[in-house]
Amino acid sequence: MKIQREREQNRQPLLSDQDLATELSVRPERWAAAVQSHGASQVVDLSASPGEPASSSVEDEHLDWLKSVLHQVDGLAGTVLQAHLIEGQTLKDLAQAMNCSRSSLRLHLHEGVQLLQQLAQRDGLMPIQTS
C-alpha cells in the first residue's frame, strides 16, 4: 500500500491496521474487510493478456489512474465500480444493500468496465482495439 511504502522509504514505523483505517477515514471493520477482499483478488490490468501478471508498480499506477477517472463514470455503473473495484464489496453484498439483483449489477459493472477501457485507450494505457 502506498501509505506504508512511503513510511518505509522515510524510515518511519509502519502503521497498524487501526492507524491505517484512521488515516484512510474508514471504520476498522471496513478496513479489515478490504484487506481480506484484497487478499482474495488482484487489481486487474485491463490491457494484460489473461494469465499475464501485472507488476506491483503497474498495479499502483493503474489503481491511481482508476481512482482519478472513476468520477467520469456516471450513475449506477460508477457506484458499482467504486464499491466493487475500489472498496472490495462483493456483488452479493451490493445487491442486498441496493435491493437489486446480482445480474443487474453485473450489467452495470460490464457497462462501467467498457467505459473504463475506452478511457484507458484514450489515456494510452491500452492499445486501441479495431474490429
* Structure fact -> Checked region 86-131 for anything open to solvent by 60 Å² or more (accessible area, probe 1.4 Å), within 24 Å of Arg30 (Cα to Cα) and part of a loop (DSSP other than H, G, I, E, B); matches are Glu87, Thr90, Asn99
* Asked: How many residues are open to solvent by less than 50 Å² (accessible area, probe 1.4 Å) and of a type in the set (Val, Ile, Thr) when one looks only at region 75-85?
  -> 1
* Could you please find all residues in region 74-131 being in contact (Cβ under 8 Å) with a residue 40 or more places away in the chain and charged (D, E, K, R)? => Glu87, Asp123
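The values are calculated or read from the model by the stated rules, or taken from the named source; none is laboratory data. The structure presented is a predicted model; accordingly, all values stated were derived computationally and were not measured. Note: ideal-geometry Cβ built from the backbone for every residue, glycine included; neighbour counts use all protein chains shown. Quick note on the areas: whole protein, heavy atoms, side chains included, nothing else; ligands and nucleic acids left out. Shrake-Rupley method; radii C 1.70, N 1.55, O 1.52, S 1.80 Å.
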